[in-house]
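What follows is calculated from the coordinates using simple rules that are stated; it is not laboratory data. The structure presented is a predicted model; accordingly, all values stated were derived computationally and were not measured. Glycine gets a Cβ as well: all are built from the backbone with ideal geometry, and neighbour counts include every protein chain shown.
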Amino acid sequence: AHMKKRLAWNLLILFGMAVGLGSCKENPPPQQTKAAVKTEVKKEEAEPEPPVVGRITFIEKNVFRYLSDAKDWALAMVDIPVSDGDVLYSDTQGRSELTFPNDTTVRLNDKTKVQVDSVKGNLTSLFVNSGIARIQNRSADTTVKVDTPYGQVLSRQPGAFDVYVGDSSVAVTAFKQPLQFVAGNGTTYDIKPDADSLLADDKAVVPTARFMSASWDSWNNE
């Protein structure tokens, strides 16, 4: 009888262990697998880079800023922030300078309209709709992209260049660094520093005698 009781007790213990193991398999404790950890790391890495906020560091005469909320133009002031989506227009005799923390500076001549598309730690992307802009790229780590109605200018080295957008064409002049110009059909052209400018319209892209406004260049040098 004693052996039977002991055998029954042992069977009961084994049965209890089996039930316990079964329940553990059905409801395993929450744990993070390597795959889950990798996924979380990827999610963190995929977070969008915050935009870089620049400033208007100089204004001469009247420069206007488009207020999207009010759908109207307002007089711009020195030291106001400038970031993605901002549109600036310099009136007659109006000139200005925008400075960004990624070592990019943009200067606008009068009658010039520019939109800031995207500024990040290593990228400055602009759209020059009309007028003259001088863009300075002071960092070897920063790429500057300037879109125009007739193609895109790419700067990947420290230096400066002028973009002249007229009624039917664009002229690009490089200073101390090579540039690339990507036409609407995707063809890439090299622009050599301190050499011929590049002239582009809807039909052709050609070299042209160095294109520069003497008064604009003098103002920049000052």
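Available extension along the chain between Ala140 and Ser118 is 6.1 nm, counting 0.36 nm per residue and deducting the alpha carbon span. Would you please state which residues of the stretch 183-222 a label at Ser168 would reach in this model, taking the label point 7 Å out along Cα→Cβ and a backbone N cut-off of under 16 Å? Only 199-206 pass the distance filter. Residues of the stretch 81-111 with backbone nitrogen within less than 13 Å of a virtual label 7 Å along the Cα-to-Cβ line of Trp73, please, listed as ranges. Within reach of a label on Trp73, which here means backbone N under 13 Å from a point 7 Å along Cα→Cβ, the stretch 81-111 contributes 87-95, 110-111. By the gyration tensor of its Cα atoms, with a ≥ b ≥ c the square roots of the eigenvalues, what is the shape of the stretch 81-222: rounded for a/c under 1.5, prolate for a/b over b/c, or oblate? In terms of gyration-tensor shape, rounded.
Under a 5 Å amide H cut-off, with hydrogens placed 1.01 Å from N, Asp117 pairs with Gly85, Ser125, Leu126, Phe127 among residues at least 5 apart or on other chains.
The residues neighbouring Val87, those whose beta-carbon lies less than 15 Å from its own, together hold a net charge of -3 under the Lys/Arg +1, Asp/Glu -1 convention.
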